[in-house]
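Peer 1: Take this structure first; my questions come after.
The values are calculated or read from the model by the stated rules, or taken from the named source; none is laboratory data. This one's a predicted model, so the numbers in the text were calculated from it and none came from an experiment. No Cβ is skipped: glycine too gets one built from the backbone with ideal geometry, and neighbour counts run over all protein chains shown. Quick note on the areas: whole protein, heavy atoms, side chains included, nothing else; ligands and nucleic acids left out. Shrake-Rupley method; radii C 1.70, N 1.55, O 1.52, S 1.80 Å.
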Amino acid sequence: MSKTQATFDPKPDSHVGLSLFGKIALFCYTMNVNEKKQKTLLSGVKPTGHPHIGNYFGAMKQFVELQNTHSGYFMIADYHALNFIQNAGEMRQNILDLALDYLALGLDPKTSVIFKQSDVQEHTELAWIFDTITTMPYLQRAHAYKDAQAKDKEISVGTFNYPMLMAADILLYDTDVVPVGQDQKQHVEYARDTAEKFNRIFSETFKLPEPLILADVAVVLGTDGQKMSKSYNNTIPLFAEPEEIQKAVMGIVTDSSGELPKNVFAIHKLFRPEAELKSLYEANNGKYKVLKEALIADIEAFIAPLRERRKVLAQDEKSVLKILAEGAEKAREVAREKMKVVREKIGTTL
Ligand code: TYM
């Protein structure tokens with residue numbers, strides 16, 4: 001199938017978790033893209049452990065849905081993860097795991113470029129160049145930096161500089177669109193600002209990327225009602241085994257007011273259309289155990305085929321390594337050309 005052909009899947013149940021408005025927005029966005037020249041999409045995930053359903057609904061689901069209508073680059077952000085994982089064995093395992101996750105979700109190495117950041121040295125090179133045109137006060141405004149500072153954490157230069165490496169990731173590929181969750185919005189803005197600043201100083205070089213954030217799933221909530229995040233220990237892992245699903249769902253915090261258990265409902269609506277859920281929740285008003293069991297069944301029905309596909313793929317590590325090596329080659333080709341232009345612009349090419 002031609003990459004510019006419309007391949008958007010209009011089945012309503014493939015977009016459970018999105019309101020009608022969200023579905024229409026994604027549909028219009030895709031159709032609009034199809035009419036125009038093919039756009040470039042890039043996004044990434046840090047290999048810091050098992051992804052959760054927040055990563056999936058907030059970002060990874062869009063990767064899979066948009067890969068046929070875009071020229072897609074899907075990155076394993078291992079140099080970003082180095083800020084958190086400083087153990088070689090763990091890093092290696094996490095990278096392989098994330099590659100398997102991408103493939104099990106349906107990213108197709110034939111149509112998309114699946115690669116790891118550290119394989120393309122141009123990312124760190126460009127990040128350095130961006131450092132030289134970026135001020136400290138500007139980076140001090142980053143949410144992640146401010147949070148770390150508020151918690152009195154020791155902040156590495158890598159953490160401080162995180163947005164510049166991410167700007168390099170995005171801008172090297174002339175990216176049009178970056179599908180992410182709400183927490184990455186500011187980082188995409190940093191990339192845009194940095195592109196503008198470079199263009200202003202050295203003349204037009206970088207395209208300005210747009211974030212793609214779907215309102216309904218911009219912030220997926222965890223089992224305690226806060227944003228789902230590994231660091232809050234409130235996640236439902238994306239490839240969870242049945243016992244893990246059971247444990248996570250039974251641990252969802254509910255209040256005893258007898259009202260609709262909003263934390264259960266908020267997660268449930270990712271898996272079943274809201275209209276259907278309303279009647280289920282009304283019919284079982286106050287019966288938290290029944291509702292949690294229904295949620296467990298729905299999550300299991302969704303995860304089971306993904307988990308099985310992942311297990312099959314995991315038996316062939318060699319193929320995964322080959323996919324990453326080929327992805328790196330394709331990404332390098334593009335990044336190398338872009339860096340030739342950048343070096344000309346800054347005057348280091350003699
Ligand atoms: P990371 O690995 O923290 O998260 C991966 C993606 O999952 C989204 N996400 C969520 N979305 C909705 N609700 C949640 N509770 C939730 N938790 C996480 C994140 O917004 C993200 O889209 N800096 C990036 C990785 C990165 C990147 C890039 C992304 C590096 N370079 C270039 C895009 C483009 C990160 O740490 O994502």
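Peer 1: Which of rounded, prolate, oblate describes the range 200-333, given a ≥ b ≥ c as roots of the alpha-carbon gyration tensor eigenvalues and a/c under 1.5 marking rounded, otherwise prolate only if a/b is larger than b/c? Mind showing how you got there, number by number?
Peer 2: Working: a/c = 2.83, a/b = 1.60, b/c = 1.77.
It comes out oblate by the Cα gyration axes.
Peer 1: Okay, moving on. Any chance you could run the full-extension gain for Lys289 through Glu333? It's 0.36 nm times the residue separation minus the Cα-Cα distance, nm to one decimal.
Peer 2: Details: separation 44, 0.36 × 44 = 15.84 nm, distance 5.43 nm.
Residue separation times 0.36 nm, minus the Cα-Cα distance, leaves 10.4 nm.
Peer 1: Determine which residues of the range 204-224 fall in the zone a paramagnetic label at Ile133 would reach in this model, i.e. backbone nitrogen under 11 Å from the point 7 Å along Cα→Cβ.
Peer 2: Only 204-207 pass the distance filter.
Peer 1: Quote to one decimal, in nm, the extra length available between Gln38 and Lys207 on full extension: 0.36 nm per residue of separation minus the C-alpha distance between them.
Peer 2: The span from Gln38 to Lys207 would gain 59.4 nm if fully extended.
Peer 1: Continuing with this model, one more query. Within the range 185-338, what whole-number % of the accessible surface is contributed by carbon and sulfur, with the 1.4 Å probe and all protein chains included in the calculation?
Peer 2: Working: 4300 of 8170 Å².
Taking all protein chains in place, the range 185-338 shows 53 percent carbon and sulfur surface.
Peer 1: Now for a separate question. The range 152-198 to the range 206-256: how many Å between their Cα centroids?
Peer 2: If we compute the Cα centre of each part, the gap is 22 Å.
Peer 1: Percent relative contact order of the chain, based on C-alpha pairs within less than 8 angstrom and at least six residues apart?
Peer 2: Values: 517 pairs, mean separation 77.0, N = 350.
About 22 percent, as a whole number.
Peer 1: If you don't mind, there's one more thing I want to ask. Can you give me the accessible area per residue for the chain, using a 1.4 Å probe, in Å²? Kindly include the intermediate steps, with their values, before the conclusion.
Peer 2: On the way: 17170 Å² over 350 residues.
For the chain, the solvent-accessible area averages 49 Å² per residue.
Peer 1: Considering only DSSP states other than H, G, I, E and B, which GluC sites (Glu not before Pro) in the range 246-350 qualify as loop sites with at most 16 other Cβ atoms within 10 Å?
Peer 2: Working: sites: Glu259, Glu274, Glu276, Glu282, Glu293, Glu300, Glu308, Glu317, Glu326, Glu329, Glu333, Glu337, Glu344; in loops: Glu259.
Answer by residue number: Glu259.
Peer 1: Under 5 Å between amide hydrogens, which residues at least 5 positions from Lys227 or on another chain qualify, with H placed 1.01 Å from N in the peptide plane?
Peer 2: Answer set, sorted by chain and number: Gly222.
Peer 1: Another question about this same structure. Report, to the nearest 10°, how far helix 122-132 tilts away from the longest principal axis of the Cα atoms in the chain, using its own Cα long axis and a range of 0 to 90°.
Peer 2: That works out to roughly 70 degrees.
Peer 1: Here's a follow-up. Summing -39500 (n - 2.57) over the DSSP H runs of n ≥ 4 in the chain and dividing by its residue number, what mean residue ellipticity at 222 nm do you reach, to the nearest 500 deg cm²/dmol?
Peer 2: -16500 deg cm²/dmol
Peer 1: Follow-up question, since we're still on this one. What FRET efficiency comes out for Thr254 versus Gln182 if R0 is 25 angstrom and r is the Cβ-Cβ distance? Round to the nearest 0.05. Write out the running numbers ahead of the final one.
Peer 2: On the way: r = 25 Å, r/R0 = 0.99.
Efficiency, from the Cβ-Cβ distance: 0.50.
Peer 1: Angle between the Cα long axis of helix 88-105 and the longest principal axis of the chain, 0 to 90 degrees, nearest 10?
Peer 2: 70
Peer 1: Further question on the same structure: Remind me, relative contact order of the range 230-313 in percent, using alpha carbon pairs under 8 angstrom and six or more residues apart?
Peer 2: Numbers: 61 pairs, mean separation 28.7, N = 84.
It rounds to 34 percent for the range 230-313.
Peer 1: So, one more: Given a cut-off of under 8 Å on Cα pairs at least six residues apart, what relative contact order in percent is computed for the range 190-337? Intermediate results must be reported in sequence, preceding the final value.
Peer 2: Values: 113 pairs, mean separation 24.3, N = 148.
Relative CO of the range 190-337 lands at 16 percent.
Peer 1: 7 Å from Cα along Cα→Cβ at both Ala275 and Ala88: what's the point-to-point distance in nm?
Peer 2: The answer from the label model is 5.8 nm.
Peer 1: Same structure again: Given labels modelled 7 Å from the Cα in the Cβ direction, how far is it in nm from Gln121 to Ala297?
Peer 2: A separation of 5.7 nm, rounded to one decimal place.
Peer 1: So, one more: So how tilted is helix 20-35 from the main axis of the chain? Cα-based, degrees 0 to 90, rounded to 10.
Peer 2: Helix 20-35 sits at roughly 30 degrees to that axis.
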